[in-house]
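Just below is one structure, and these are the notes that go with it.
The values are calculated or read from the model by the stated rules, or taken from the named source; none is laboratory data. Quick caveat: nothing in here was measured; it's all calculated off a predicted structure. Glycine gets a Cβ as well: all are built from the backbone with ideal geometry, and neighbour counts include every protein chain shown. Just the protein is used for accessible areas: all its heavy atoms, side chains included, with ligands, DNA and RNA removed. Shrake-Rupley method; radii C 1.70, N 1.55, O 1.52, S 1.80 Å.
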Amino acid sequence: MNTQNVEFIKSAVSTAAFIRDGRPTIVFSGKSNVGKSSVINRLLNRKNFARVGEQPGKTVHINYFLIDKTAYFVDLPGYGYAKVAKSERARWGALMEEFFAEEGLITLGVMIVDARHKPTADDVTMAEWFKASGCPTVIVANKLDKLKKSEIEPNMALIRETLGMDERYPLIPFSAEKGTGRELLLGEILKYC
Ligand code: GDP
């Protein structure tokens, strides 16, 4: 799959706009500012395809990118931004419920968390949604470059334990900034494309 060939297809704001054409669909989630856009850009080797530093909490839509006319990368709206209005939070919850309730929309989940911290309550909720979907899911621990070597192992263990995700779920230490973990994550994605 040629990851250089990428097209923005659409922003979906309701179920009617979800794409159901049978192509493998790789679904990326993460709290605001975790580096979700940066991870996607790193995978595609693009600087600014998925927008980096988009105003947090203002983007309750689901972005679809078509890769090499073969598979979709789906950018779920970021969550957990404290200053977001209640109404926006409710829109986020409703859209996520619709997305996760429908079978067949996810081929592989990519849950991005912060390598430095214990996953948040919202991260845990997201993990529950992916688990309940029964879809294969990969955990990406981003911002690895901010950790000391000695912190990596204990942090990865804490992430697994907090999310309640055992070895069935691959955990990839990642740095969107440095490119660490890119090949591993691409390898997981290509298994399904
Ligand atoms: P999003 O809100 O999850 O899409 O996050 P962005 O991709 O916009 O990134 C949020 C901030 O984190 C930006 O300032 C990025 O430059 C920074 N960032 C993203 N990934 C990394 C990483 O791997 N390492 C470091 N040090 N910073 C990162």
Notebook entry, point to check: In the stretch 44-58, is there at least one residue being in contact with a Leu (Cβ under 9 Å, 6 or more places away or on another chain), buried (at least 21 other Cβ atoms within 10 Å of the Cβ) and over 19 Å from Ile9 (Cα atoms)?
Noted result: no
Margin query: Need the failing condition index for Asp123 against (1) in contact with a Phe, Trp or Tyr (Cβ under 9 Å, 6 or more places away or on another chain); (2) open to solvent by less than 20 Å² (accessible area, probe 1.4 Å); (3) away from the ligand (no atom under 13 Å from the Cβ); (4) assigned to a helix (DSSP H, G or I), just the number.
Written below: (3)
Checklist line | Residues being within 17 Å of the chain's Cα centre (by Cα) and either buried (at least 18 other Cβ atoms within 10 Å of the Cβ) or of a type in the set (Lys, Arg) (or both) - total across the stretch 82-96 | finding: 3
Notebook entry, point to check: Is at least one residue of the stretch 27-36 in contact (Cβ under 8 Å) with a residue 24 or more places away in the chain, in a strand (DSSP E or B), within 14 Å of the ligand (Cβ to nearest atom) and open to solvent by 40 Å² or more (accessible area, probe 1.4 Å)?
Noted result: yes
Notebook entry, point to check: Among the numbered criteria (1) in a helix (DSSP H, G or I); (2) in contact (Cβ under 8 Å) with a residue 24 or more places away in the chain; (3) open to solvent by 10 Å² or more (accessible area, probe 1.4 Å), which single criterion is violated by Phe99?
Noted result: (3)
Check: Inside the stretch 159-174, can you point out the residues that are loosely packed, with under 12 Cβ neighbours inside 10 Å and under 18 Å from Ile189 (Cβ atoms)?
Finding: Arg168
Next item on the list: Read through the list (1) more than 11 Å from the ligand (Cβ to nearest atom); (2) in a loop (DSSP other than H, G, I, E, B); (3) surrounded by fewer than 14 Cβ atoms within 10 Å (Cβ to Cβ); (4) modelled with pLDDT under 95, then give the number of the only condition that Glu7 fails.
Entry: (2)
Note to self: Can you tell me which condition Met1 does not meet? The list is (1) of a type in the set (A, V, I, L, M); (2) free of Cβ contacts under 8 Å to residues at least 60 places away in the same chain; (3) open to solvent by 60 Å² or more (accessible area, probe 1.4 Å), and all the others hold.
What the structure shows: (2)
Next item on the list: Could you tell me which residue of the stretch 127-158 is farthest from the ligand (Cβ to nearest atom), considering only residues that are in a loop (DSSP other than H, G, I, E, B) and loosely packed, with under 14 Cβ neighbours inside 10 Å?
Entry: Gly134
Note to self: Restricting to the stretch 132-160, count the residues that are over 16 Å from Asp75 (Cα atoms) and in contact with a Leu (Cβ under 9 Å, 6 or more places away or on another chain).
What the structure shows: 9
